[in-house]
Each structure stands twice: as C-alpha cells, then as structure tokens.
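Q: Below you'll find the structure I mean.
The values are calculated or read from the model by the stated rules, or taken from the named source; none is laboratory data. Predicted model only: the values in this text are computed from it and were never measured. As a convention, Cβ positions derive from the backbone with ideal geometry for all residues, glycine included, and neighbour counts pool all protein chains shown.
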Amino acid sequence: MDGATLTKTAPVLILLGPPGAGKGTQARMLEERFGLVQLSTGDLLRAAVAAGTDAGKEAKSVMESGGLVSDGIVLAILKDRLAEPDCAKGVVLDGFPRTTVQAEALDALLKASQQQIDAAISLEVVDAQMVTRISGRFTCGSCGEGYHDTFKAPKTLGICDNCGGTDMKRRADDNAETVISRLDAYHTQTAPLITYYDQKGVLKKIDAMGDINDIAKALAEIVAPVTV
Ligand code: ADP
Ligand code: ZN
C-alpha cells in the first residue's frame with residue numbers, strides 16, 4: 001500500500017481492548033494532549049454508513065449485528081484516511097487493527113513509509129462490566145465528546161460540557177444483545193493481537209477499570225516519551 005503521509009518520525013500508537021474499554025475516550029485525550037490524530041475505524045465506518053457510500057451500505061448490517069466489517073472495506077477506508085496530510089503529526093489507532101489480516105496489512109503500510117509502531121497499548125478491563133459501560137454511553141453530536149449516564153454525566157443534563165451542544169446521540173449498536181456479539185468478535189478475532197504485538201516487543205498493558213483521568217495518566221506515561 002502506498003499514499004500514506006506518515007513520516008519517519010511520526011508516532012504510531014495502537015489502542016487495543018474490547019468494546020467499552022474506553023479506547024475512544026482515551027484516544028481523544030491523547031489527540032488533545034499530544035497533538036496526535038485519532039483514527040477510529042468505527043467512526044470512519046459510521047460516516048460511510050451515514051453518507052450512503054457502497055462501503056457504508058455493505059458495512060451497515062454487519063455493524064448492526066455486532067460482527068466485524070470485512071478486512072477489504074476497513075483497509076480501504078483506513079488507507080484513504082491515513083493519506084490525509086494531518087496524519088503526518090502521528091496517529092492513535094482506535095479500533096484498528098481488529099484482525100490478524102489487518103495487523104499484517106498495517107505492518108506492510110508502515111514499512112513502506114519506513115515507519116514503525118511505537119506502542120500497542122492494551123486497555124485491560126473486566127468483560128462482565130462492559131455491557132453496563134456501553135449501554136449507558138452517549139456522545140455529543142456537535143463536538144463528539146463522549147459521556148456516560150453513570151460514569152461521566154454532563155454537568156447539566158442534556159448539555160455538552162465541552163461545546164454547549166444539546167444534540168446527544170446514542171449508537172444503534174450500543175444495546176445489550178449487540179454488545180454480546182461485539183465482545184465475542186473481540187475475543188475470537190481481536191484478542192490474538194495482544195500476543196501478536198507482545199512478540200514484536202511493543203505491547204504495553206494498563207489497568208483500564210479505574211477513573212478516566214487515572215487511566216489517561218498511565219497512558220500519558222507511555223505516550224510522552226515517544227512524542228518528544
Ligand atoms: P467498539 O470498539 O465500541 O465496538 P467501534 O466504533 O470501534 O466500537 O466499532 C463499531 C463497529 O464497527 C464494530 O462492531 C464493527 O462492526 C465495525 N468496525 C470498526 N472497526 C473495525 C475494524 N477494524 N474491522 C472490522 N470492523 C470494524
Ligand atoms: Zn459537544
């Protein structure tokens with residue numbers, strides 16, 4: 001694959017963990033704090049679904065059932081996004097790679113730009129609690145800030161702390177049944193990547209069951225040295 005704008009020195013970080021582990025929340029914080037670009041294949045796929053592209057049409061039903069979208073579609077979407085100039089600042093991959101095929105394709109892509117993975121960070125969580133976490137979550141439709149009914153409610157109900165927006169959105173796949181399929185897909189197809197990155201010597205694990213800010217602090221300790 002070519003066309004990526006990643007430069008030799010641009011940091012490349014991967015966040016691994018099941019749905020609900022907090023990858024999106026933490027990726028956004030890393031983006032703000034370290035000037036990295038959050039690349040969420042889930043967000044890119046949802047945008048494709050909303051735009052009604054061919055890829056979006058194919059992805060829609062798979063996403064609603066909690067399965068994984070085909071590697072071909074995901075890789076095409078990711079590759080296009082990586083080719084945009086802002087990615088030269090460095091990227092936090094959130095929700096990608098999710099299969100061994102995707103991980104190998106990423107390796108090839110990075111090799112072509114003489115780039116490597118600085119860290120693959122596994123957010124370690126207790127599975128049984130992910131259903132509660134996911135079922136309570138929602139996002140500001142204007143700025144994308146993430147919230148949770150119990151764990152991170154906005155200061156004023158219905159109003160975004162970040163931008164004052166009132167258009168809060170809940171994802172169609174954030175319901176108990178779909179979450180169980182998503183957790184299953186994670187364990188069978190994505191969890192093997194923990195070993196994959198451990199063998200490459202880039203794996204870091206952090207406890208992600210605690211307070212959002214404590215997790216952000218633990219992540220920053222890993223990320224700061226690679227972004228200087
Ligand atoms: P979560 O991590 O909470 O499951 P995401 O927004 O990352 O949420 O993904 C939502 C859905 O989008 C997934 O359940 C899957 O169907 C699809 N998806 C996202 N990223 C990928 C990927 N890298 N490979 C295959 N499917 C993906
Ligand atoms: Zn907002």
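Q: Any idea which of Ala153, Ala185, Ala172 is exposed (fewer than 15 other Cβ atoms within 10 Å of the Cβ), more than 16 Å from ligand 2 (Cβ to nearest atom) and of a type in the set (A, V, I, L, M)?
A: Values: Ala153 fails: more than 16 Å from ligand 2 (Cβ to nearest atom); Ala185 fails: exposed (fewer than 15 other Cβ atoms within 10 Å of the Cβ).
Result of the check over Ala153, Ala185, Ala172: Ala172.
Q: So Gln38 clears everything in (1) modelled with pLDDT of 95 or more; (2) part of a helix (DSSP H, G or I); (3) surrounded by 14 or more Cβ atoms within 10 Å (Cβ to Cβ) except one condition, right? Which one?
A: That leaves (2) as the condition not met.
Q: Restricting to the stretch 131-159, name every residue that is among the hydroxyl-bearing types (Ser, Thr, Tyr) and over 17 Å from Ala27 (Cβ atoms). Please lay out each step first, then the result.
A: Looking only at the stretch 131-159, we keep the residues that are among the hydroxyl-bearing types (Ser, Thr, Tyr), and these are 132, 135, 139, 142, 147, 150, 156.
Listed by number, the residues that qualify are Thr132, Ser135, Ser142, Thr150, Thr156.
Q: Still on this structure: Of the conditions (1) of a type in the set (Val, Ile, Thr); (2) touching a strand residue (DSSP E or B) at 6+ places or on another chain (Cβ under 6 Å); (3) within 11 Å of ligand 1 (Cβ to nearest atom), Thr99 satisfies every one except a single condition; which number is it?
A: Just one mismatch for Thr99, condition (2).
Q: Being of a type in the set (A, V, I, L, M) and either without any contact (Cβ under 8 Å) to a residue 60 or more places away in the chain or touching a Gly at 6+ places or on another chain (Cβ under 7 Å) (or both) is the filter here; which residues of the stretch 76-105 pass it? Outline the logic, then answer.
A: Taking the stretch 76-105 and keeping what is of a type in the set (A, V, I, L, M), we get 76-78, 82-83, 88, 91-93, 101, 103, 105.
Residues satisfying the conditions are Ala76, Ile77, Leu78, Ala83, Val101.
Q: Being in contact with a His (Cβ under 9 Å, 6 or more places away or on another chain), modelled with pLDDT of 90 or more and not charged (D, E, K, R), is that true of even one residue in the stretch 138-157? Give the steps one after another, and end with the answer.
A: From the stretch 138-157, those in contact with a His (Cβ under 9 Å, 6 or more places away or on another chain) are 138; that's our starting set.
Still in the list and also modelled with pLDDT of 90 or more: 138.
Subset that is not charged (D, E, K, R): 138.
Yes; the residues of the stretch 138-157 include at least one that is in contact with a His (Cβ under 9 Å, 6 or more places away or on another chain), modelled with pLDDT of 90 or more and not charged (D, E, K, R).
Q: Follow-up question, since we're still on this one. Name the one entry in Val131, Val126, Val179 that is out of contact with any strand residue (DSSP E or B) (no Cβ under 9 Å at 6 or more places or on another chain), β-branched (Val, Ile, Thr) and surrounded by fewer than 14 Cβ atoms within 10 Å (Cβ to Cβ). It would help to see each step written out before you state the result.
A: Numbers: Val131 fails: surrounded by fewer than 14 Cβ atoms within 10 Å (Cβ to Cβ); Val179 fails: surrounded by fewer than 14 Cβ atoms within 10 Å (Cβ to Cβ).
Of Val131, Val126, Val179, the one residue that is out of contact with any strand residue (DSSP E or B) (no Cβ under 9 Å at 6 or more places or on another chain), β-branched (Val, Ile, Thr) and surrounded by fewer than 14 Cβ atoms within 10 Å (Cβ to Cβ) is Val126.
Q: Among what's in the stretch 64-76 and is surrounded by fewer than 22 Cβ atoms within 10 Å (Cβ to Cβ) and either assigned to a helix (DSSP H, G or I) or of a type in the set (Asp, Glu) (or both), pick the residue that is nearest to ligand 2 (Cβ to nearest atom).
A: Applying the filter and picking the extreme gives Glu64.
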